[in-house]
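Visitor: Okay, here's the structure, questions in a sec.
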Amino acid sequence: MKKILIFGCSYSAGSYKSDPITDTQIHKTKGWYHFVDYFKNKDVTVIPCGGQGYWCWFQLLRLLNKIHQLVYDEIWIQETIGPRPSLLNIKKIEQQIQNPNSFSKLDNINRYYLQPKECLRLGFINNKPLLKELNKFSGDIVWELFDIVSRDVAQHFQDFCIEKNISGYVWSMSEYVMECKEFIRLPVKHVHNNLKNKKLVRFDGHQTEEGNKYIGELINKACIDIKI
C-alpha cells in the first residue's frame with residue numbers, strides 16, 4: 001500500500017465550526033484530504049502545523065529521517081503564503097512524534113497535530129507580527145531575506161525528497177511558494193478567496209466541513225487533469 005505524508009498549516013487541521021467554544025478538537029474532525037479520491041485505499045499521515053510553512057516542514061522532514069520514520073512514497077504540501085520563518089522545539093517534537101498516542105485516526109487518515117507552542121515564529125511575539133518594530137530596524141529587507149531563504153528551503157526540501165526517492169505534489173490555498181522543479185504543482189490556488197466567496201469559512205477565515213469538501217472536489221479535478 002502506498003504511504004503518503006501530507007504537510008500543511010491550520011487549513012489542514014480539520015473542519016472548523018461556527019462556534020469557537022466548540023472548536024477545541026478541530027484536529028479530530030475531517031480535513032480536505034478525507035474528500036480526495038486519490039487517498040482512498042492508501043496509508044495517509046497528515047501533519048498540520050498552524051501558522052507554519054517550509055521552514056517548519058523541512059525541519060520535520062529532517063527529523064523524520066533522523067528517527068527513521070521517513071518511510072513514505074509521496075509527500076503532499078498544502079501551501080498558504082510565505083515566508084513564515086520559524087524554529088521548532090525539535091527535542092519535544094521528537095518525543096511526541098515517536099509516541100503512537102500523539103496520533104489520532106479518522107477513517108484511513110492518521111494525523112499528528114503540531115501544537116503552535118512548539119514553534120518559535122521569527123518576527124512574532126505572542127503570535128503577533130512585529131512589523132512596526134522590524135520596519136524601524138531594517139525596513140522590508142528582513143522580510144525579503146525571510147522570503148529568499150524560504151524559497152531556498154523549499155528547493156532543499158525537493159532535493160532531499162528526491163535523494164530519498166520520495167515524489168511530491170503541491171497545491172496552494174493562496175499564492176504559489178515553491179518553484180516546483182522535482183515536485184509536481186497541482187493547478188489549484190487562490191482557494192481561500194473562493195471559499196470566502198462561497199461562504200464556506202467561519203469568522204476567522206478557516207473552512208467548514210463543506211469548505212473541505214469543496215477543496216476535495218478541486219483536488220479531485222486537478223488529479224484527473226494532470227493524470228495522477
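Visitor: Provide a single number: the residues in the range 65-83 that are in contact (Cβ under 8 Å) with a residue 40 or more places away in the chain and not in a strand (DSSP E or B).
Guide: Qualifying residue count for the region: 9.
Visitor: May I pose another question? Out of the range 30-67, which residues are more than 25 Å from K92 (Cα to Cα) and out of contact with any Leu (no Cβ under 8 Å at 6 or more places or on another chain)?
Guide: Listed by number, the residues that qualify are G31, W32, Y33, F35, V36, D37, Y38, F39, K40, N41, K42, D43.
Visitor: Looking at L87, L60, which one is in a helix (DSSP H, G or I), among the aliphatic types (A, V, I, L, M) and in contact with a helix residue (DSSP H, G or I) (Cβ under 8 Å, 6 or more places away or on another chain)?
Guide: Within the list L87, L60, the selection yields L60.
Visitor: For the range 38-50, state whether one or more residues are touching a helix residue (DSSP H, G or I) at 6+ places or on another chain (Cβ under 9 Å), surrounded by 15 or more Cβ atoms within 10 Å (Cβ to Cβ), of a type in the set (G, A, S) and without any contact (Cβ under 8 Å) to a residue 60 or more places away in the chain.
Guide: Taking every residue of the range 38-50 in turn, none turns out to be touching a helix residue (DSSP H, G or I) at 6+ places or on another chain (Cβ under 9 Å), surrounded by 15 or more Cβ atoms within 10 Å (Cβ to Cβ), of a type in the set (G, A, S) and without any contact (Cβ under 8 Å) to a residue 60 or more places away in the chain.
Visitor: List, please: which pairs have Cβ atoms under 7 Å, are six or more places apart or on different chains, and start with a residue in the range 11-34 that is surrounded by fewer than 22 Cβ atoms within 10 Å (Cβ to Cβ) and in a helix (DSSP H, G or I) and end with one that is of a type in the set (V, I, T) and modelled with pLDDT of 80 or more?
Guide: Between residues of the range 11-34 that are surrounded by fewer than 22 Cβ atoms within 10 Å (Cβ to Cβ) and in a helix (DSSP H, G or I) and residues that are of a type in the set (V, I, T) and modelled with pLDDT of 80 or more, the close pairs are H34/I109.
Visitor: Also, quick follow-up: If a residue must be free of Cβ contacts under 8 Å to residues at least 60 places away in the same chain and in contact with a Ser or Thr (Cβ under 9 Å, 6 or more places away or on another chain), how many such residues does the range 51-64 contain?
Guide: Here the count works out to 1.
Visitor: Just need a number here: residues in the range 163-198 that are of a type in the set (V, I, T) and either at positive phi or free of Cβ contacts under 8 Å to residues at least 12 places away in the same chain (or both).
Guide: Qualifying residue count for the region: 0.
Visitor: In the range 52-87, how many residues are more than 29 Å from I228 (Cα to Cα) and either modelled with pLDDT of 95 or more or small (G, A, S) (or both)?
Guide: Here the count works out to 3.
Visitor: Look at the range 143-184 and say how many of its residues are under 19 Å from Y33 (Cβ atoms) and out of contact with any Asp or Glu (no Cβ under 9 Å at 6 or more places or on another chain).
Guide: 2
Visitor: Any residue at all in the range 123-141 that is at pLDDT below 95, in contact with a His (Cβ under 7 Å, 6 or more places away or on another chain) and farther than 30 Å from E94 by Cβ?
Guide: no
The values are calculated or read from the model by the stated rules, or taken from the named source; none is laboratory data. A quick note: this is a predicted structure, and the numbers were derived from the prediction, not measured. Cβ atoms come from the backbone with ideal geometry, glycine included; neighbour counts cover every protein chain shown.
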